[in-house]
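Everything below concerns the one structure shown next.
The values are calculated or read from the model by the stated rules, or taken from the named source; none is laboratory data. Everything numeric in this text was worked out from a predicted model, so none of it was measured. Note that we place each Cβ from the backbone using ideal geometry, even for glycine, and neighbour counts take in every protein chain shown.
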Amino acid sequence: MTAERENANRQVTESERFVPGWTEQVEVERVLTPRERLIVHLIAEGYRNREIAETLGLSVKTIETDRAAVNRKLNVKSLAALVRYAVRNGLVES
């Protein structure tokens, strides 16, 4: 595992933030899986699906499926909204 991946995993795992806009504040850990949080982190860092797949040792199709699940769970419709979510919830430094 690369140092970058280990750092991303640590940041995501230690994060206890909340999903904005929900009537009840739901912990991010209950909304997204650890892998989904890591994928959101990498997306916000500017990685493309293929780069994320290579970094995590997964297929591009798996990353696409996970991204779709993240977008559905967070009710985001664009890359900008997903990055904004990541910054606001500490999944990436602004």
Subject >> Single residue of K61, K77, K73 found to be more than 18 Å from L32 (Cα to Cα) and among the charged types (D, E, K, R) >> reply: K61
Subject >> Hits in the stretch 44-54 (condition: modelled with pLDDT of 95 or more and in a helix (DSSP H, G or I)) >> reply: N49, R50, E51, I52, A53, E54
Subject >> Neighbours by Cβ (under 7 Å, 6+ apart or cross-chain): first from the stretch 32-43, in contact (Cβ under 8 Å) with a residue 24 or more places away in the chain and assigned to a helix (DSSP H, G or I); second of a type in the set (G, A, S) and surrounded by fewer than 18 Cβ atoms within 10 Å (Cβ to Cβ) >> reply: E36/A69
**OP:** Go through the stretch 52-73 and give me each residue that's surrounded by 15 or more Cβ atoms within 10 Å (Cβ to Cβ), farther than 21 Å from Y85 by Cα and without any contact (Cβ under 8 Å) to a residue 12 or more places away in the chain.
**Re:** A53, L58, T62
Subject >> Residue among R48, R88 that is surrounded by fewer than 16 Cβ atoms within 10 Å (Cβ to Cβ), in contact (Cβ under 8 Å) with a residue 24 or more places away in the chain and either in contact with a Gly (Cβ under 7 Å, 6 or more places away or on another chain) or among the charged types (D, E, K, R) (or both) >> reply: R88
